[in-house]
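Scroll down for the structure; my scribbles are underneath it.
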Amino acid sequence: MAATRKDSATTRSPPSNDSGSEDTDSLNIGDEEGWEDVEQEIDDQQHIVSLLCGETFPDVLTMLGHCKEKHGLDFLRARQELGLDFYGLVKLVNYIRSEVKAGNTSPDVTSDAFLEDDKYLYPVLEDDALLFSLDDLPDDRTLKDETDKEGGSLARVAELEEELQRLQSQFTGYKLAVKRSLGERLDDSDALAPASSSGLLVAAGKRPEYLAGDDDSHYFTSYSHNGIHETMLKDAVRTDAYRDFIYENKYLFAGKVVLDVGCGTGILSMFCAKAGAKKVIAVDNSEIINKAREIVFENGLGNVITYVDT
């Protein structure tokens, strides 16, 4: 019985048929191909050598950017200006590499003469990754849009710089004009000096009698003469503006007590009285207040306006 069980166990050993062997082989081959794909993918990620030097880059656009910034070679612009198709690009790449290899680090890419020579269809650099990356380049339309945008920005910058220069020139002229004007006024002040805020001028070095006294009294005394008040009253724009505001806003004055400090001839006090003010107290510290009392009396507003001489 033991022998029989042994035989049975022997007969139950896993079969090694051809089909199973083929499946195993197929699986192993598949695994090997998988590893080969990974290795191939790694190989495809090889760096791209610069057109003009030995530096390498992870992608074509980075490499071309380096060539443009560091070496002044605009590969994409050359493609656009020469109207190159794929084979033309291949020739351009090999032409540049051939020239650099011969010692010319500034090859002429403005002429299409190299397109006539088919030798540039053959790679100068063995396993040149750049040739396999030409399809990754942006098309001419995208490049044109970017170029137009860049050109528009540059034009705007130039326009603003021109405007800035114009404004700087105007400002310089303005400063000179102000300086010249001030110089003329300073020269005039050697002969004439301002006597009061009325704009009247007196001989320099001669202080008028009515300005004699301390600083405070001189200020008020300067308003005691008719000249300054006549000047202000003749300023129609100023006087009319006060009058129009008061008359157009009578509700602010009607039935109110108004204090007019520095009333002068009393013109504003009379405007307020005619606008319906209950009482107007006009205050001034110069002798002109006496003239103001006369004016108010003549206009029949003495019952509304009270003058206070401080």
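For Val178, the conditions (1) at pLDDT 75 or above; (2) of a type in the set (A, V, I, L, M); (3) in a helix (DSSP H, G or I) are fulfilled apart from (1).
Among the residues making up the range 47-70, those that are farther than 19 Å from Leu89 by Cβ and outside any loop (DSSP other than H, G, I, E, B) are Thr56, Glu69, Lys70. Candidates are the residues of the range 71-99 that are in contact with a Cys (Cβ under 8 Å, 6 or more places away or on another chain) and assigned to a helix (DSSP H, G or I); the one that is surrounded by the fewest Cβ atoms within 10 Å (Cβ to Cβ) is His71. For the range 271-310, taking the residues that are among the β-branched types (Val, Ile, Thr) and either in a helix (DSSP H, G or I) or touching a residue at least 60 places away in the same chain (Cβ under 8 Å) (or both), the one that is surrounded by the fewest Cβ atoms within 10 Å (Cβ to Cβ) is identified as Ile295.
The values are calculated or read from the model by the stated rules, or taken from the named source; none is laboratory data. The structure displayed is predicted, hence computed values, not measured ones. No Cβ is skipped: glycine too gets one built from the backbone with ideal geometry, and neighbour counts run over all protein chains shown.
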